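Since every read-out is calculated from the coordinates, none of them should be taken as a lab result. Source: prediction; values computed, not measured. Here Cβ is always computed from backbone atoms with ideal geometry, including for glycine, and neighbour counts include all displayed protein chains.
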Amino acid sequence: MLDPYRMVFINIMSSLALLGGLLFYKFIFPKKKINLFFLLILISILPIISIFRNGDYESGDFNIHIYRIMSFYDSLKEGIIMPSWAAELNATYGNPLFIFNYSLPYYIISLFHFIGISFISSMKLYLGLTLYLSGIFMYLWIKELTGNKLAAFTSAIFYIFNPYHLIDVHFRATLGESTIFTLVPLLFYFITKYIKKKKFTYLALIALMSQLLFLAHPMIAGIFTGIASLFVLSMINIKKGLKSVFITIVFMSIGIIGAIYSWVSYILFSAYTFPNPGGIIFQDTFSKIFYSPWRYGFLFQGPNGEFAPIIGYTQVFVVVFAIFLLKKNYISKKINPSYLFWLLIFFLILFFMSPYSKRIWFQFPSLSMLQSHRLLLPIALSTSVLAGYLAISFSDTQRKKIFIYLLIVITIGYTILNWGHRRLITEINDYTLRKNVWISTVTEGTTAYFLNNRWADINNFWFSKIPNDHLEIIQGKGTVREIKRKSTQHNYIVNAQTPIVIKENTLYYPGWKLKSNFNDIFVYPGKRGLIYANLPSGIQYLELKYEDILPYKIAKTISIAIFSILIIVLIYILLIKRFTA
């Protein structure tokens, strides 16, 4: 294991080196202004230096995702372009993980691995890129929205160094949320461009970003598309711009439909999934979102892998200060509505994180997987935008600009203990993790209850031992010989001396079909939700094969079609049409 304090030392030295470089630049070129975008590119490197360390994360979802991606990658190698079944998980009994789990990060990480990067390095590279690019995209959006470079720089810094953002990337290693952090500014950027320019290109990009958001994390994406719809309303004159609002929402809806296979599964398979054994997961420690209990509030992860889902100290200051400025009428009329809009979003989300919203949460049990701490993502967005507008309000004098730069330095500085995972285990590599793929599901407990079928045993939820045989005769006499096995196709020769009952050691789920001598055989869920079937006597060639049920297959087809159309349209507009014009 690597000492986390060594990483803190590296972070401090890297920050001082960058600061020294800036001071040297100003000494050599005293009259030249520092390019804020270039400075952002340099600063954005600081919180991702840790990804270059060798080793595996000690806690968080890092290994869980690698286990899943290994199974996902194996399906891709078999030619299954849109995997549904995770065959290696659950002690090789499998489960429908990829029907429910987001897929966008898995495709990109699989691509990294395909070109020769290890799974561990691919994960770290992906997480580092999401953090790095998120600030750049935030800068581009706020620059387009306000036309102010200092505002764009301030918002980007607040976004990158938001505590929950750093927690997601370095401690929790949540691929879906980290991807959402990256894509959301792009969605708002293209919405802003369309409202200003009214070009069809931006509508196609709005649809594409909406689709990618839902492929990254459907539930959180739904929150952000709702905020984006309100954002469009806040930007235009209702009497004159209602058409623009309608068109923008239509193209966001096209993107949502384009990701239909990522969210319709919760509806299609609701009759087969295991009911939530724990009820709605609600953050019942509202006070903890304001202060971290470790290292005087400057460390956001505890000694046993706990994390502090805090809003952020300078982030709270920005909100309070914005209210003060509004009350004192220090905000110009031009940006006053923007202040009010993002304050409204902040307090609306804050309400849903508070105990006062419990009654509303319990009215919608389907939102049980959302978990209230995930609402810190839109909190991070709103506080970052407010910080940008604060920079506009404080850029008219040099003294006020110094205040903004000091706020930026503090925002970066108080998070320095969190620029990387606390410990890395150098002894673990891909080979080590590959050997444990089959047992990994057990560690998840019942938190991923929807990945098991409704016939599972709550007291023995996942399988913890690889079966001795993939197919067993549990009633009657006969012999079994396995002749072929892939993730979604299992073939056997069975010699049944009497009518028999077989148990195929695969989790029962709609889509699994059995043929005996090419004739359909009825399968049903038996003990612990495994596949059972009754067979007549005689020598039989068995083929157990998984195929998506028709509605889900149609959903996948729709998703592929919309994604392909959007890509073709964008290629035509951005390349072919431009060069032939």
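Give me the percent relative contact order of the chain, please, defined on Cα pairs under 8 angstrom at least 6 residues apart.
Normalised by residue count, the contact order of the chain is 20 percent.
Just need the relative contact order of region 471-548 here, percent rounded to a whole number, with Cα pairs under 8 Å and 6+ apart.
Computed value for region 471-548: 35 percent relative contact order.
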Discussion item. Under a crude label model (7 Å from the Cα following the beta-carbon direction), how far is K197 from F246 in nanometres?
Written reply: 2.5 nm
Practice prompt. Select from I249, Y339, S229 the residue farthest towards the positive end of the dipole of the chain; place +1 on Cβ of Lys and Arg, -1 on Cβ of Asp and Glu, and compute about the Cα centre.
Written response: Y339
Worksheet entry | Residues in region 301-329 reached by a label modelled at F290 [backbone nitrogen below 13 Å; 7 Å Cα→Cβ] | 311-313, 316-317, 320
Worksheet item: Going by the alpha-carbon gyration tensor, a ≥ b ≥ c the square roots of its eigenvalues, is region 168-321 rounded (a/c under 1.5) or, if a/c is not under 1.5, prolate (a/b greater than b/c) versus oblate?
Response: oblate
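For N519 and D430, what is the calculated FRET efficiency with R₀ set at 45 Å and r taken between the beta-carbons, to the nearest 0.05?
Details: r = 43 Å, r/R0 = 0.95.
Computed FRET efficiency for N519 and D430: 0.55.
Report the gain in length on full extension from L268 to L233: 0.36 nm times residue separation, minus Cα-Cα distance, nm rounded to one decimal. It would help to have the intermediate numbers written out before the result.
Numbers: separation 35, 0.36 × 35 = 12.60 nm, distance 3.31 nm.
Extending this stretch completely gives an extra 9.3 nm.
Can you give me the convex hull volume of the Cα atoms of region 513-555, divided per residue and expressed in Å³?
Working: hull volume 3.7 nm³, N = 43.
Given the Cα convex hull of region 513-555, per-residue volume reads 85 Å³.
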Fill in: At 0.692 mPa s and 37 °C, Stokes D of region 85-160 from Kirkwood alpha-carbon radius, µm² per second
219 µm²/s
Discussion item. As I understand it, the dipole of the chain uses +1 on the Cβ of Lys and Arg and -1 on the Cβ of Asp and Glu, about the Cα centre. Which of Y57, A152, S487 lies farthest toward its positive end?
Written reply: A152
Worksheet item: Shape call for region 493-535 from the C-alpha gyration tensor, a ≥ b ≥ c root eigenvalues: rounded (a/c under 1.5), prolate (a/b greater than b/c) or oblate?
Response: oblate
Worksheet item: Each label point is 7 Å from the Cα along the Cα-to-Cβ direction; what then is the distance between the points at F298 and N336, in nm?
Response: 4.1 nm
Discussion item. Projecting each Cα onto the charge dipole of region 13-151 (Lys/Arg +1, Asp/Glu -1 at the beta carbon, about the Cα centre), which of L23, I115, S84 comes out farthest on the positive side?
Written reply: L23
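What length, rounded to one decimal in nm, is gained on full extension from S537 through to W455, with 0.36 nm per residue of separation minus their alpha-carbon distance? Display every interim value, and only then the final one.
Working: separation 82, 0.36 × 82 = 29.52 nm, distance 2.83 nm.
Length gained between S537 and W455: 26.7 nm.
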Item to complete: For region 293-413, calculate the relative contact order in percent as a whole number, restricting contacts to Cα pairs under 8 Å that are 6 or more residues apart.
Response: 31 percent
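Could you work out the helix-only [θ] at 222 nm for the chain, with each DSSP H run of four or more residues adding -39,500 (n - 2.57) and the total divided by the number of residues, to the nearest 500 deg cm²/dmol? Intermediate values should be presented prior to the final figure.
Numbers: 22 runs with 298 residues, N = 581.
One gets -16500 deg cm²/dmol as the mean residue ellipticity at 222 nm.
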Discussion item. Between R53 and R359, what is the label-point separation in nm under the 7 Å Cα-to-beta-carbon projection?
Written reply: 4.8 nm
Practice prompt. Kindly provide log₁₀ I(q)/I(0) values, in the same order as q = 0.22 Å⁻¹, from the Debye equation applied to equal alpha-carbon scatterers of region 154-222.
Written response: -0.94
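For region 1-111, what D do you get in µm² per second when you plug the Kirkwood radius from alpha-carbon pairs into Stokes-Einstein at 25 °C and 0.890 mPa s? Working shown, then result.
Working: Rh = 17.9 Å.
Rounded, D is 137 µm²/s.
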Item to complete: Would you mind getting the Kirkwood hydrodynamic radius of region 471-548 from its Cα pairs, rounded to one decimal in Å?
Response: 12.3 Å
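Give me the dipole magnitude in Debye, nearest 20, for the chain about the Cα centre, with unit charges on the beta carbon: positive for Lys and Arg, negative for Asp and Glu. Each step should come with its number before you reach the end.
On the way: 53 positive and 25 negative charges, 509 e Å.
The dipole of the chain has a size of about 2440 debye.
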Fill in: Euclidean distance between Cα centres, region 148-165 to region 488-552, Å
56 Å
